[in-house]
Amino acid sequence: MDKNTNTEIIFFASGCFWCTEAVFKRVKGVEEILPGYIGGSIKNPAYREVCTGRTGHAECIKIEYDPSIIKLETLLAVNFSTHDPTTLNRQDHDAGTQYRSGIYYTTDEQEQIIQEYVAYLENEKVFDNSIVTEIKPAETFYTAETEHHDYYDQNSEQGYCEIVIAPKIAKLRASFVDYLK
């Protein structure tokens with residue numbers, strides 16, 4: 001099967017990349033996902049370094065998606081409904097700058113859509129607190145080590161997966177049924 005050449009790339013940092021990857025790999029129109037690191041100060045960071053919070057990287061996922069199947073607005077809706085974009089440098093029990101909420105765009109059109117979507121959420125007071133999601137152009141992305149790829153599906157019975165990730169997937173299944181693979 002030929003790979004679609006009409007895809008776009010966007011990066012979401014929504015806390016732990018295991019969670020974000022597990023959610024988005026179930027969304028129709030998402031062609032490829034890679035967990036990794038973005039926005040830091042050293043080249044080729046390792047998980048053990050990023051976890052210290054001293055490299056400046058955020059755990060994120062690189063999403064390649066087909067906009068003829070899934071609109072960026074829908075990906076944004078999934079992203080904002082499956083993590084807390086109002087908590088600075090924290091998601092659930094994961095704390096530190098590496099767990100910040102961020103969206104890193106690759107086109108000017110994406111930036112405009114993201115800014116408009118966040119303004120809509122703020123104007124409608126969808127969240128009790130202000131959104132602190134970092135919105136920036138994508139910088140160098142470093143793919144995470146292999147053991148972090150497809151982590152949830154390979155470790156779904158692990159406590160963290162059951163307590164933190166499974167509820168996010170359940171929320172996805174309940175709220176975005178028309179967009180599930």
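The figures follow:
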quantity	calculated
Residue within segment 80-95 that is over 22 Å from Val50 (Cβ atoms) and without any contact (Cβ under 8 Å) to a residue 60 or more places away in the chain present	yes
Residue selected from segment 162-181 under the condition in contact with a Leu (Cβ under 8 Å, 6 or more places away or on another chain) and assigned to a helix (DSSP H, G or I), by the criterion farthest from Gln98 (Cα to Cα)	Arg173
Residue satisfying all of: in segment 102-125; surrounded by 14 or more Cβ atoms within 10 Å (Cβ to Cβ) and among the hydrophobic types (A, V, I, L, M, F, W, C); farthest from Ile63 (Cα to Cα) among these	Leu121
Total residues in segment 64-85, condition within 21 Å of Ala166 (Cα to Cα) and either of a type in the set (A, V, I, L, M, F, W, C) or in a loop (DSSP other than H, G, I, E, B) (or both)	9
Unique match (being surrounded by 13 or more Cβ atoms within 10 Å (Cβ to Cβ), at pLDDT 95 or above and not charged (D, E, K, R)) among Tyr99, Tyr179	Tyr179
Pair list, Cβ under 6 Å, 6 or more apart: segment 26-51 residue part of a strand (DSSP E or B), other residue surrounded by fewer than 21 Cβ atoms within 10 Å (Cβ to Cβ) and of a type in the set (Val, Ile, Thr)	Glu31/Thr7; Leu34/Thr143; Gly36/Thr143
Criterion violated by Asn155 - all others in (1) farther than 23 Å from Ile70 by Cβ; (2) touching a strand residue (DSSP E or B) at 6+ places or on another chain (Cβ under 9 Å); (3) of a type outside the set (Asp, Glu) satisfied	(2)
Qualifying strands (runs of 3 or more DSSP E) (wholly inside segment 90-161; at least 3 residues being hydroxyl-bearing (Ser, Thr, Tyr))	101-105
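Listed here are the residues, each with its yes/no results for (1) within 20 Å of His148 (Cα to Cα); (2) more than 15 Å from the chain's Cα centre (by Cα); (3) surrounded by fewer than 15 Cβ atoms within 10 Å (Cβ to Cβ).
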site	(1), (2), (3)
Cys16	yes, no, no
Leu34	yes, no, no
Lys43	yes, yes, yes
Ala46	yes, yes, yes
Tyr65	no, no, no
Thr82	yes, no, no
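The values are calculated or read from the model by the stated rules, or taken from the named source; none is laboratory data. Predicted model, so just to flag it, every value in this text is computed and none were measured. Reconstructed Cβ throughout: ideal geometry from the backbone, glycine too, with neighbour counts over all protein chains shown.
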